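Please treat every number below as a calculation from the coordinates, not as lab data. Since the model is a prediction, treat every value here as computed from it, not as a measurement. Every residue, glycine as well, gets a Cβ built from its backbone with ideal geometry; the counts of neighbours run over all protein chains shown.
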Amino acid sequence: MSNLVVGSSLKEFFRMLVGEVVSRQKVTFTEVTEFYVVNLLSEFAAAEKLVGQEPLAILYHRAMQQEREARIKTLRQLGDVSLYTAGFFADSLRDRVVGPDYYIQMGGSAYAAIAQMSSASSFSSVYWELHQKFRTVVEVLEEIAARGMAAQGPAGQVKVLEAYSRSGSERLEHVLLEAGVMPKGQPN
């Protein structure tokens, strides 16, 4: 049996993983926001969730043309895709015209718009927190992604080491050390 299968379900696995990383990074989220992030990870575990995604600017433009309920749904899609992409693919985004900061800005703004539009809703506070702590949530997801790569063995560990060499991220250094890889020297 794989040592990656820790819980009885995918959501339980992500709940435990998010909890560990949040604790290790010494960040705090409300329980409901943490639950939202766990559900997001569970949904995006299906690879087809990202396939054929429209560009963020197109999603935003479409949202601005829609009625309230459809707008909220489209903005949520924009926020979720931005969060997942910035967290799991930040390193590959750095070499593109549209980098991680664009995803962070678009996603955070989408969540803020939802919070404003649904101020009477009980979920409004979740969207405000996602807006205010967007970059922090991205950092949690970056570490989760790096842990997953490092757990794949030497090829994945090399990818994490390369990302560490480019960024000097303490989170990536910690992931490497946990995997038994000693980063040599200072990152570039």
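Structure notes:
- Zone residues, the stretch 67-91, relative to GLN25, backbone N less than 19 Å from point 7 Å out along Cα-to-Cβ: 79-91
- Residues ILE114, ILE72 arranged by fewest to most Cβ contacts within 10 Å: ILE72, ILE114
- Cα-projected label distance for ALA155 with SER121, points at 7 Å along beta-carbon direction, nm: 4.1 nm
- Working note: 222 nm ellipticity from helices only, DSSP H runs with n ≥ 4, each -39,500 (n - 2.57), summed and divided by the residues of the chain, gives -22500 deg cm²/dmol to the nearest 500.
- Using the Cβ of SER167 as centre and a radius below 10 Å, the other residues enclosed give a net charge of -2, where K and R count +1 and D and E count -1.
- By definition, a body whose alpha carbon gyration tensor gives a ≥ b ≥ c is oblate when a/c is 1.5 or more and a/b is not larger than b/c, and the stretch 134-188 fits this oblate description.
- Shown here: volume of the Cα convex hull per residue in Å³, derived from the displayed model; of the candidates [x] 127; [y] 179; [z] 160, it corresponds to [x].
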